[in-house]
Amino acid sequence: MRFPVVLHSDDGIRFGVTVPDLPGCFSSGDTFDAALDSVLEAIDLHLEGMVEDGGDVPVPKAIAEHRENPDFVDGVWAAVEVDVFRFDGRAEKINITLPRRLLAKIDTYAKAHGESRSGFLAEAARSAMR
């Protein structure tokens with residue numbers, strides 16, 4: 001999942017990073033790249049706390065929606081890829097019904113991309129709900 005982040009700097013060297021979709025989640029770094037690296041850990045810890053408290057991982061908004069916020073004026077925008085799969089909980093077996101040809105296409109596609117049927121369907125569901 002991609003989370004938009006906004007970076008600010010007073011001196012053009014060190015950067016503070018805010019994650020607009022996760023209120024209270026922020027980080028910093030002595031360089032632009034270090035700030036992006038450190039915000040990944042901040043996001044991971046923030047999400048872990050949210051899930052432990054019974055919350056869900058939020059679906060991030062587009063950067064364009066956040067740019068309207070006056071708190072982020074003059075910020076530099078980036079998007080960081082965060083692996084949120086570990087926050088989904090344990091796997092559950094389900095029974096679904098699909099047309100035979102569709103199932104064959106899913107299996108062919110999943111195999112060609114090194115995925116399982118379940119993995120493909122889970123990722124397709126996540127993508128559809130973003």
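Overview of results
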| item | result |
| --- | --- |
| Output for the range 48-79, where each listed residue is assigned to a loop (DSSP other than H, G, I, E, B), of a type in the set (Gly, Ala, Ser) and surrounded by 14 or more Cβ atoms within 10 Å (Cβ to Cβ) | Gly75 |
| Residue match in the range 58-77 (condition: closer than 18 Å to Glu123 by Cβ and either within 14 Å of the chain's Cα centre (by Cα) or not assigned by TED's automatic domain parsing to the domain that holds Ala128 (or both)) | yes |
| Residue match in the range 104-122 (condition: closer than 20 Å to Phe3 by Cβ, surrounded by 10 or more Cβ atoms within 10 Å (Cβ to Cβ) and not assigned by TED's automatic domain parsing to the domain that holds Asp53) | yes |
| Residue within the range 35-42 that is farther than 30 Å from Arg90 by Cα, in the same structural domain as Trp77 (by TED's automatic domain parsing) and at pLDDT 95 or above present | yes |
| Filter pass, Leu45 being assigned to a helix (DSSP H, G or I), of a type outside the set (Gly, Ala, Ser), crowded, with 17+ Cβ neighbours inside 10 Å and outside the structural domain of Ala125 (by TED's automatic domain parsing) | no |
| Tally of residues being modelled with pLDDT under 90 and on the phi < 0 side of the Ramachandran plot across the range 72-92 | 10 |
| Count of residues meeting criterion [assigned to a helix (DSSP H, G or I), among the hydroxyl-bearing types (Ser, Thr, Tyr) and more than 17 Å from Arg126 (Cβ to Cβ)] in the range 87-115 | 1 |
| Qualifying residue in the range 92-111 (condition: under 20 Å from the mean Cα position of the chain (by Cα), farther than 18 Å from Val17 by Cβ and not basic (Lys, Arg)) | no |
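The values are calculated or read from the model by the stated rules, or taken from the named source; none is laboratory data. Note that the structure is a prediction, hence the values are computed from the model and not measured. Quick reminder, even Gly has a Cβ in these numbers, built from the backbone with ideal geometry, and neighbours come from all protein chains shown.
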